[in-house]
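Chemist: Before I ask anything, here is the structure I am working with.
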Amino acid sequence: MFGHSASSSYPRTGTTSPIFVSREPSAVPQFVTVGQDYFLVQVYAAQVAFRGNIWDKVKRLVVTSQVNLNHRNLDNRGMRAIQRTRDVQKNHSQPLGLNPNLVGLVPAVMPNISLSIDFILDKENRLAQLGSLINSDSFLNVVSLAPGASAVAKTVAQLADKVIQTFIPAEENKALLSFGGDFNLATRQLQEGYYVIIGSKDDQNPLPDSTAKLAVQDRGLLVNGQPATQWSYIVLDVQRTDLRPRELNDGASWDIKLREAEDEAQRVTLNPRATNEEKTQAWNRCSKLIEEAQTLLRADDNFLPKDATNITTAAIHNCQKLVVQDQSTARGLESSKGGEKAPAFSWSPDLPNTLKALGLDPGMDLEAAMNEYADQLIATRRKLRALGVS
């Protein structure tokens, strides 16, 4: 269940299902659409409330997370991480300084994802000696589809599993509270905004009923307008974007080829006396490099096919501007330095055939298409910077 309605009901203790809370109640819902969008998931706020008899003999709490993106790059398994370990102070509520990023910016290509954050009791304080190491984020990972990042996530997940298995006996290795949810992207159950999960193990502080009004404010949770100090809770922040900028390529080989193509065009620009034959040869080399880059980009799991097209088309546009527009500037510089005047510029690249070879519309209005794409990039980059993604 991914809503909060008068017809829903929760047990007195345990955890609720994820309850969606809009960042702007009047805004139009922005669903994550498979094959069209990218999304990321952060922990916006988290709190532990140590109340009830269950805490009497507990010395320490371990907070773990598990993310399953159901993608072949991650072997369709959950990536476990140890978020924090804390001393227990009964009858207190305590904000948790959790790692804000659970899922990095990934394309919506999977049918569903699963997220959970578990509170595990360390009754004998076994992890005390590892506390500083754990709280320095040594057992954290941000799950994404990038080959390097996914390899790191797998390694960290294995280490986190071994630490838990080694220091907390199997009979105790059960979550006291498990905050989790399965989000079905195929049926548009995931949307941009907050997902709140509330937990309680105290009969004296039962879970709020289905009529309660939730709001997320100042990195905390309000229930019926009051701070939710009597419950443990997690607030997940889901963000979506229309595209993934080229610079977030994680050092991909296709980006190297695109830069080589742009460098080739730049070399022609800096040679005001290049012959038409030399210009044609340079353009053909640019086109070949872009074609090779396109093949690699289409196989990159980090980027949707539409962005492979946009990035490829933008590279063609960049090269065209370098070759056509900037050569007149280079000739002007040559003349201003007292050099022999370069011959009149009479060459232009065979743009329609280049576009056709890349499977693009040879009659497209390249300038208009790239202006629209540039506007989308500006908005996306601004949003990602605000989220600390660069």
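Since every read-out is calculated from the coordinates, none of them should be taken as a lab result. Just so it is clear, the model here is predicted, and its values are computed rather than measured. As a convention, Cβ positions derive from the backbone with ideal geometry for all residues, glycine included, and neighbour counts pool all protein chains shown.
Chemist: What is the angle, in °, between the Cα long axis of helix 253-269 and the longest principal axis of the Cα atoms in the chain? Nearest 10 is fine, range 0 to 90.
Modeler: 30 degrees
Chemist: Between the alpha-carbon centers of the stretch 103-125 and the stretch 233-268, tell me the distance in whole angstrom.
Modeler: 26 Å
Chemist: Let me ask you something else. GNM on the chain, C-alpha springs below 10 Å: top fluctuator among ARG72, ARG12, ARG23?
Modeler: Of the options given, ARG72 has the highest mean-square fluctuation.
Chemist: Specify the residue with the greatest mean-square fluctuation among ARG86, ARG60, ARG267, computed from a Gaussian network of the chain linking alpha-carbon atoms under 10 Å apart.
Modeler: Most flexible of the set in this elastic network: ARG267.
Chemist: Leaving out same-chain residues fewer than 8 places away, which lysines sit with a Cα under 30 Å from that of LYS90?
Modeler: Partners found: LYS57, LYS59, LYS123, LYS162, LYS174, LYS201, LYS213.
Chemist: When semi-axes √(5λ) of the Cα gyration tensor in Å is calculated directly from the model, which label among (i) 36, 25, 20; (ii) 42, 31, 23; (iii) 53, 22, 17 fits?
Modeler: The calculated read-out lines up with (iii).
Chemist: With label points built 7 Å along Cα→Cβ from the Cα atoms of THR13 and LYS90, find their separation and express it in nm.
Modeler: Result for the modelled spin labels: 1.4 nm.
Chemist: Report the calculated FRET efficiency for GLN204 and ALA128 (r = Cβ-Cβ distance, R0 = 30 Å), to the nearest 0.05.
Modeler: Numbers: r = 29 Å, r/R0 = 0.98.
According to the calculation, E is roughly 0.55.
Chemist: Please check: in the Gaussian network model of the chain (C-alpha springs, under 10 Å), which one of SER348, SER287, SER200 has the largest mean-square fluctuation.
Modeler: Looking only at SER348, SER287, SER200, the largest GNM fluctuation is found for SER348.
Chemist: In debye, nearest 20: dipole of the chain around its Cα centre with unit charges on the Cβ of K, R (+) and D, E (-)?
Modeler: So the dipole magnitude of the chain works out to roughly 920 debye.
Chemist: Give a residue-ordered list of calculated ³J(HN,Hα) values for the stretch 288-298 (Karplus: 6.51 cos²θ - 1.76 cosθ + 1.60, θ = phi - 60°; whole Hz; x for Gly, Pro).
Modeler: So the J values, rounded to whole Hz, are 5, 5, 5, 5, 5, 5, 4, 4, 5, 5, 5.
Chemist: Please list the non-local residues whose amide H lies under 5 Å from the amide H of ASN112, H modeled 1.01 Å from N, same-chain partners needing a gap of 5 or more.
Modeler: Those qualifying (amide H under 5 Å, at least 5 residues apart or on another chain) are LEU185.
Chemist: Right, something else. Please compute the contact order of the stretch 65-116 in relative form: average sequence separation of alpha-carbon pairs under 8 Å and at least six residues apart, divided by the residue count, as a percent. Walk me through the numbers before you get to the answer.
Modeler: Values: 47 pairs, mean separation 27.2, N = 52.
Relative CO of the stretch 65-116 lands at 52 percent.
Chemist: If you don't mind, another one. Cα to Cα, under 28 Å, and not fewer than 8 places away if on the same chain: which lysines meet these conditions relative to LYS306?
Modeler: Excluding near neighbours in sequence, the set is LYS257, LYS288, LYS321, LYS356, LYS383.
Chemist: Same structure, new question: Could you go through the stretch 375-390 in sequence order and give the Karplus-derived ³J(HN,Hα) for each residue, using 6.51 cos²θ - 1.76 cosθ + 1.60 with θ = phi - 60°, rounded to whole Hz, and x for Gly and Pro?
Modeler: Karplus values, whole Hz, x for Gly and Pro: 5, 5, 5, 4, 5, 5, 5, 4, 5, 5, 4, 5, 8, x, 9, 8.
Chemist: Roughly how many nanometres apart are two label points built 7 Å out from the Cα toward the Cβ at ASP375 and ARG188?
Modeler: Taking the simple label geometry, ASP375 and ARG188 are separated by 2.3 nm.
Chemist: Using a simple spin-label model with points 7 Å from Cα along the Cα→Cβ vector, what separation in nm is obtained for ALA212 and SER348?
Modeler: Label-label distance for ALA212 and SER348, simple model: 6.7 nm.
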